[in-house]
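Since the structure comes first, as structure tokens, the remarks are kept for the end.
The values are calculated or read from the model by the stated rules, or taken from the named source; none is laboratory data. Since the model is a prediction, treat every value here as computed from it, not as a measurement. Ideal geometry is used to build each Cβ from the backbone, glycine not excepted, and the neighbour counts take in all protein chains shown. Remember, those area values only see protein heavy atoms, side chains included, never the ligands or the DNA or RNA. Shrake-Rupley method; radii C 1.70, N 1.55, O 1.52, S 1.80 Å.
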Amino acid sequence: MLSKIEELDHTGKVVLMGDFNLEPETEPIQKIIDSELKDAFEAELNLGPVGTYNAFKIGENYERRIDYVFYQGFEIKSYKNFSLRIQDTFLSDHFPVVVEFE
């Protein structure tokens, strides 16, 4: 992915996001973090649980972060991980992550 980003004419603005199914300490995620891309999770305003994966289990300690938003060329305002439920169930086995850029 990093080499493909290098090939693209992106004028210095890049957003790479998705379910990587890897935790932050794994080698592929560390390679992205060590590149020119920044991890939106490091935003000064960071709300919600650390983990983005819930396995549809309510009341757990959500620590497993496997969904990411990496970026370059933007100012970040906030990172929000919404652990909301509707009728006592999650809509997905992943929490929605919302990142706001300037």
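Expressed as a whole percent, how much of the Cα-Cα distance distribution for the chain exceeds 16 Å? Don't skip to the end; give the middle numbers.
Values: 3009 of 5151 pairs.
For the chain, the fraction of Cα-Cα distances above 16 Å is 58 percent.
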* In the chain, how many lysine pairs have Cα atoms under 17 Å apart, counting only pairs 8 or more places apart or on different chains? -> 7
* For Ser78, which sequence-distant residues (separation of 5 or more, or a different chain) have an amide H within less than 5 Å of its own amide H, given hydrogens modelled in the peptide plane? -> Glu100
* Asked: How many Å² of accessible area per residue for the chain, probe 1.4 Å?
  -> 66 Å²
* **Furthest towards positive pole of dipole, Gly48, Phe20, Ile58, structure part the chain, Cβ charges** => Ile58
* To do: For the chain, give the percent of accessible area contributed by carbon and sulfur heavy atoms, probe 1.4 Å, rounded to a whole number.
  => 50 percent
* Asked: So what's the gap between the Cα centers of the range 64-79 and the range 1-52, to the nearest angstrom?
  -> 6 Å
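Where both partners of a DSSP beta bridge lie in the chain, what percent of those bridges are antiparallel, to the nearest 5?
90 percent
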